[in-house]
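Scroll down for the structure; my scribbles are underneath it.
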Amino acid sequence: MKYTLQSSAFALLMCLSSTLAFVPSSINAASPWGTTTESALKMADLNLDTNFDDVSVVRLLGLKRVKNIIRRNKAKTESALKAASAAETSEAAPAAAGKSGLKLIIAGAPASGKGTQCEIIKEEYGVVHLSTGDMLRAAVAEGTEVGKQAKEFMNAGKLVPDEVIIGVVADRLEQEDCKTNGWLLDGFPRTPGQADALASAGVTADCFIFLNVPDEILVERVVGRRTDPVTGKIYHMTFSPPDDEEVLARLEQRDDDTEEKVKVRLEQFHANVEAVKGSYSEIGVDIDGTAAPDVVSKAVGAAIASKIAA
Ligand code: AP5
């Protein structure tokens, strides 16, 4: 009996050693990601008794079952390591960018999540967020000349003519904050003419981020979207409603966020998207925009890091 117990304990020790050996050596040591075997095991919710004082576990469960538990834990460890790696890649992204004055373009269909991601990107990289939609809505509200020209197109869900919007963006990019901090163009360029205008002005970018979301998902996102006029924060009545009753009461819906108008907006988008993407094929990264915002954000961080490193 004593012999059986000792050999079982030895076998268990061997199994556990192989579980630990499974963890890549780059993570076993204090890795550049800051992850250790211990933390990965914690993430996998493992409670391994590395002293093996409690050999009765083997006696109670039998060696086969213990081996099975270890096999299952191996799989859990693997997924925990993947999660740790994804999280730390995104944490490392701003540091990987490591330079100020990034020049970024984010594109995608109406309601693909551009504005939502821009809130995160501008915090992480300190760039100036230039949303042509926001600029035009402000111009309409103020009743400026640009606003007057843009209003009827926007109300119909159509694109504002290139000659109206190109000058607005060109002037804004010339301002000192964009030159110092870099910029994030959101919703521009949206036509081949706008992309050509940027190129002719010698404006180049570090990364072109494209959020890919199928049309059927976009309609639901559009009709449920609400914006806080005080903070500018974007909410969704189903996916991300505000917790605060006061915020909920003051939320606004955009005039063009109706099912009818989004169909026109999508037509305009599909008519131009391939040509615009073609202008940025060398710095372009397609990202699955259907995942949760924090998952999309991690992919965006990795995309920026990859283009800065290239
Ligand atoms: P603009 O304001 O740029 O509108 P858009 O391109 O249609 O994009 P949206 O603002 O509707 O969506 P978004 O991608 O920012 O999505 P969001 O993050 O809000 O342009 C408006 C108009 O201005 C145009 O139609 C045109 O007339 C004119 N215009 C602008 N630029 C122009 C240009 N360059 N040339 C000519 N005309 C121009 O997210 C949408 C919703 O989904 C939110 O409720 C959000 O909470 C939710 N959501 C976001 N991400 C996720 C996620 N991952 N999962 C679930 N829900 C999510």
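Worth a mention:
- With a requirement of 1 or more residues that are within 13 Å of the ligand (Cβ to nearest atom), the helices (runs of 4 or more DSSP H) lying completely within region 96-182 that satisfy it span 114-125, 132-142, 145-155, 162-173.
- Tally, over region 191-237, of residues that are in a loop (DSSP other than H, G, I, E, B), touching a Phe, Trp or Tyr at 6+ places or on another chain (Cβ under 8 Å) and among the charged types (D, E, K, R): 1
- Between PHE210, PHE269, PHE239, the distinction of being farther than 18 Å from ASP134 by Cβ and within 9 Å of the ligand (Cβ to nearest atom) belongs to PHE239 only.
- Residues (away from the ligand (no atom under 15 Å from the Cβ), among the aliphatic types (A, V, I, L, M) and part of a helix (DSSP H, G or I)) located in region 272-302: ALA302
- Flag not set for ARG250, criterion: at pLDDT 95 or above and crowded, with 17+ Cβ neighbours inside 10 Å.
- When region 213-225 is filtered for residues that are more than 8 Å from the ligand (Cβ to nearest atom), in contact with a His (Cβ under 9 Å, 6 or more places away or on another chain) and not acidic (Asp, Glu), nothing remains.
- Within region 134-152, residues that are hydrophobic (A, V, I, L, M, F, W, C) reach partners that are not in a helix (DSSP H, G or I) with beta carbons closer than 6 Å, at six or more positions or on different chains, in the pairs ALA150/VAL160.
- Residue in region 188-195 that is in contact (Cβ under 8 Å) with a residue 40 or more places away in the chain and more than 8 Å from the ligand (Cβ to nearest atom) present: yes
The values are calculated or read from the model by the stated rules, or taken from the named source; none is laboratory data. The structure presented is a predicted model; accordingly, all values stated were derived computationally and were not measured. FYI the Cβ positions are ideal-geometry reconstructions off the backbone, even for glycines, and counts take in every protein chain you see.
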